[in-house]
1. What angle do you read, to the nearest 10 degrees and between 0 and 90, between the alpha-carbon axis of helix 55-70 and the longest principal axis of the chain?
2. Quick one: order Val121, Val78 by neighbouring beta-carbon count within 10 Å, fewest to most.
3. Please arrange Cys62, Cys115, Cys97, Cys201 by counting, for each residue, the other beta carbons lying within 10 Å of its beta carbon, fewest first.
4. For region 1-88, what is one quarter of the convex hull surface built on the Cα atoms, given in nm²?
5. Can you tell me the orientation of helix 101-112 relative to the chain, as the angle in degrees between its alpha-carbon axis and the longest Cα principal axis, to the nearest 10?
6. Say a paramagnetic label sat at a point 7 Å from the Cα of Asp183, along Cα to Cβ; which residues of region 57-98 have their backbone N under 12 Å from it?
7. If we count other beta carbons within 10 Å of each Cβ, what is the order of Ser167, Ser89, Ser137, fewest first?
8. With a point put 7 Å past each Cα toward its Cβ, work out how far Ser167 is from Glu139 in nm, to one decimal.
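What follows is calculated from the coordinates using simple rules that are stated; it is not laboratory data. Model, not experiment: these values are computed from the prediction. Counting neighbours? That spans all protein chains shown, and the Cβs are built from the backbone with ideal geometry, glycine included.
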Amino acid sequence: MFEHFEKTTEENRRRIVKEGIRAFSQGAYAEVSTDGITQACGISKGLLFHYFGSKKSFYEYCLRKALERLLPAEPLPVGEDFYGILFTSMDESIRLCQRFPDETHFTNMCARDSCADAVEVRRRVFDGYARQKKARSMEILQLAASRLSLKNPEDDLAIEGLYLYVSAIVSKYLIAYQERPDDFLHNAKAIQRELRQYLDCYLYGILKQEEQRQ
């Protein structure tokens, strides 16, 4: 689809994508000027459109690259217990956000953008990313749950329920910090402590022992 862009040098590709991600991380889609991007890249506006066809296609290409960099790669995290595995995975995600701050701010900006073109791209790109994230999260939860004494270790519903529970809690924090993602990273350890309290309620219950037997 982007054969003209793929044929240029690796240095050119890296520079153009870097400047695109940087620009889109600093403003909403409608506010970002391709003139500013091409000036920073040292190429003509015509050449950028020759590579990508449109601003929206370039935006989508940069978004896919940003999400690729923020998705943890194999292998699965190592840990002695349930929380060790879970929080090792979270720490890796946080390290990626710190390593790629422009990519982090870009995806956060995209998630809140109301421009029609940005919404269309977000729906198309985020769906695939969400499926990848869920698949990896389920693998991590299955590994973490293997360190617990489950009533039925083969119960897929228990893992699915745990995934939904963790996702709901994480979403709470993502919404709370959506306009200040840097604070989310800064408060990561405190958030993990709170998450552990929530998970303890899920794993060990909130009813008194005598009420559980009724």
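1. 40 degrees
2. Fewest to most other Cβ atoms nearby, the residues stand as Val78, Val121.
3. Cys201, Cys115, Cys97, Cys62
4. 7.6 nm²
5. 80 degrees
6. No residue passes the distance filter.
7. Ser167, Ser137, Ser89
8. The answer from the label model is 1.8 nm.
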